[in-house]
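Below: one structure, written as structure tokens.
The values are calculated or read from the model by the stated rules, or taken from the named source; none is laboratory data. Computed from a prediction, not measured in an experiment: that's the story for all the values here. Using ideal geometry, Cβ is built from the backbone for each residue, glycine included, and neighbour counts are taken over all protein chains shown. Accessible surface is based on the protein model in full, side chains and every heavy atom, while ligands, DNA and RNA are left aside. Shrake-Rupley method; radii C 1.70, N 1.55, O 1.52, S 1.80 Å.
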Amino acid sequence: MAELEVPPYFLCPITLEIMKDPVTVSTGITYDRESIEKWIFSSKNSICPVTKLPLSDAAELTPNIILRRMIHSWSVAVGVDSLPAPQPPVTKSQILRIFAEAEDPDKRIGCLQRLKAIASSENQRDRRIMEAGGVCDFLETLIVSGACEEDISEGKITFELGLGILNNLQLSESSLKSLVSDEFLHSLTRILQFGSHESRIQTVTLLKSMLQVSDPDPLISLKPEFFKGLTLTLRNQITEKVSGAILRVLILVSPVGRNRIKAVDAGAVKILIDLLRDNSSDRRFTEKTLILLDLLCQCADGRAALLEHGGAAVVSRKILRVSCTGNERAVRILHSMAKYSASPAVLAEFLQNGVVAKLCLVLHVDCGSKARERAREILVLHARAWRDSPCIPKNLLPLYPIS
């Protein structure tokens, strides 16, 4: 093939390979469909790669039938493999017909399976056609309707398929934002609490995508049940990937003060401490656990829950064992405890469980400047109670800061 002289207009301007399915964009330049769709949809470009002019309609790719016939005839003449028949792209009218058929309960599962097949394909254009055709509104209505039922187990397959489609579509930011409504969040909360194993996995994945682009306002009105559903799923530890997504969701909503209290009330702090006790978690997962615990300890209820479940010692054991981010977050948690919850019992616990000794060590190892500064501040703040304690190993006493 390398020895053949290929007409230059048979080559895609992007890959410089012979085009299998030539299509023409609004600027008049022809590309191979797979290449230009990747340029437009995966790389999110809105200009023509050759002319650098804006594409008037990025989704409008016109098949260049004449050029394809020429390439096919040339391929036959020179004895190379003939081009495969191009897969016809999905049209908006086809998507709308599937929506209409799904109104019949007997045909609904079949329709959802057809939509899932399209959403799971590698064809970015088909996914964008589905999105433009209103698949988000269609599936949101279907999921909300099913979640309103007293026994939502009847909608098990509908939830699994519908949520799976929304995840596979890799929705645009605007579509994800449109899903962040009180009604839809309430439905997802119901699925987290009472849905099947698979539907809860799909719900967590979708929530992570939605809340990463959400405006702050909808996060203020999240219900306590939302946090109970998340902590329930986190406690079950379906997989580390799912648990990591739950941690990410809780991190995204916890900057809102009242959400921290709701998470604490749902039992999040105890679960996080148990996760930290499990040394099998990877570095990134442990970092996220410490980040969330740090956020929750910014409220009094969170600090009280940490003390109740012996969390100070568990957190201190993670210092110097995870990463610089882990060190910083762990010391921040201890700093919150030492500054705002420093009763005599708490100070004694810090001594007896080796927390003070670990803070002394932090001052003299390379664990990040912020962690060292906070550790010093904690030790200076409570020097009167700790400085001469026999609980500090003798070899660490010279490391204790004077001021």
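Open to solvent by 60 Å² or more (accessible area, probe 1.4 Å) and within 30 Å of S199 (Cβ to Cβ) - does that describe any residue in the stretch 74-88?
Looking through the stretch 74-88, none of the residues is open to solvent by 60 Å² or more (accessible area, probe 1.4 Å) and within 30 Å of S199 (Cβ to Cβ).
Sort out which residues of the stretch 236-256 are of a type outside the set (A, V, I, L, M) and under 17 Å from L306 (Cβ atoms), and write them in order of number.
Quick first cut of the stretch 236-256, residues of a type outside the set (A, V, I, L, M) only: 236-237, 239-241, 243-244, 248, 254-255.
Within the stretch 236-256, just S254 meets the criteria.
Filtering the stretch 194-210 down to residues that are under 19 Å from C148 (Cα atoms) and among the polar types (S, T, N, Q), which residue is surrounded by the fewest Cβ atoms within 10 Å (Cβ to Cβ)?
Only one residue fits best here, namely S196.
Among the residues of the stretch 146-171, write down those that are closer than 11 Å to L112 by Cα and open to solvent by 50 Å² or more (accessible area, probe 1.4 Å).
Within the stretch 146-171, I157 is the sole residue that qualifies.
Looking at the stretch 183-222, which of its residues are within 19 Å of S254 (Cβ to Cβ), acidic (D, E) and either touching a strand residue (DSSP E or B) at 6+ places or on another chain (Cβ under 8 Å) or part of a helix (DSSP H, G or I) (or both)?
Passing the criteria: only D217.
Name every residue in the stretch 140-157 that is free of Cβ contacts under 8 Å to residues at least 40 places away in the same chain and within 15 Å of E198 (Cα to Cα), in order of residue number.
E154, G155
Test A266 against the criterion of being open to solvent by less than 40 Å² (accessible area, probe 1.4 Å), under 26 Å from K208 (Cβ atoms) and in contact with a Phe, Trp or Tyr (Cβ under 7 Å, 6 or more places away or on another chain), and give yes or no. Show your work before the answer.
Details: open to solvent by less than 40 Å² (accessible area, probe 1.4 Å): yes; under 26 Å from K208 (Cβ atoms): yes; in contact with a Phe, Trp or Tyr (Cβ under 7 Å, 6 or more places away or on another chain): yes.
So A266 fits the description; yes.
Pick from S174, S93, S121: which is at pLDDT below 95, of a type in the set (S, T, Y), surrounded by fewer than 16 Cβ atoms within 10 Å (Cβ to Cβ) and part of a loop (DSSP other than H, G, I, E, B)?
Values: S174 fails: part of a loop (DSSP other than H, G, I, E, B); S93 fails: part of a loop (DSSP other than H, G, I, E, B).
Going through S174, S93, S121 in turn, the sole match is S121.
If I ask for residues that are surrounded by fewer than 18 Cβ atoms within 10 Å (Cβ to Cβ) and either without any contact (Cβ under 8 Å) to a residue 40 or more places away in the chain or not in a helix (DSSP H, G or I) (or both), which ones from the stretch 302-316 would you list?
Hits for the stretch 302-316 are A304, E308, H309, G310.
Can you pull out the residues in the stretch 274-301 that are hydrophobic (A, V, I, L, M, F, W, C) and either open to solvent by 20 Å² or more (accessible area, probe 1.4 Å) or in contact with a Lys or Arg (Cβ under 7 Å, 6 or more places away or on another chain) (or both)?
Narrowing the stretch 274-301 to residues hydrophobic (A, V, I, L, M, F, W, C): 275-276, 285, 290-293, 295-297, 299-300.
Selection gives L276, L290, I291, L295, L296, C297, C299, A300.
What are the residues in the stretch 35-54 that are touching a residue at least 60 places away in the same chain (Cβ under 8 Å) and open to solvent by 30 Å² or more (accessible area, probe 1.4 Å), if any? So that I can check it myself, show each step before the final result.
So in the stretch 35-54, the residues touching a residue at least 60 places away in the same chain (Cβ under 8 Å) come out as 37-38, 40-42.
Listed by number, the residues that qualify are K38, S42.
Can you tell me which residue in the stretch 223-261 is farthest from the chain's Cα centre (by Cα), limited to those that are of a type in the set (G, A, S) and in a helix (DSSP H, G or I)?
Kept after step one, since they are of a type in the set (G, A, S), are these residues of the stretch 223-261: 229, 243-245, 254, 257.
Now narrow it down to the ones that are in a helix (DSSP H, G or I): 229, 243-245, 257.
On the way: G229: 17, S243: 11, G244: 9, A245: 6, G257: 22 Å.
Step by step, filter the stretch 223-261, then rank; the result is G257.
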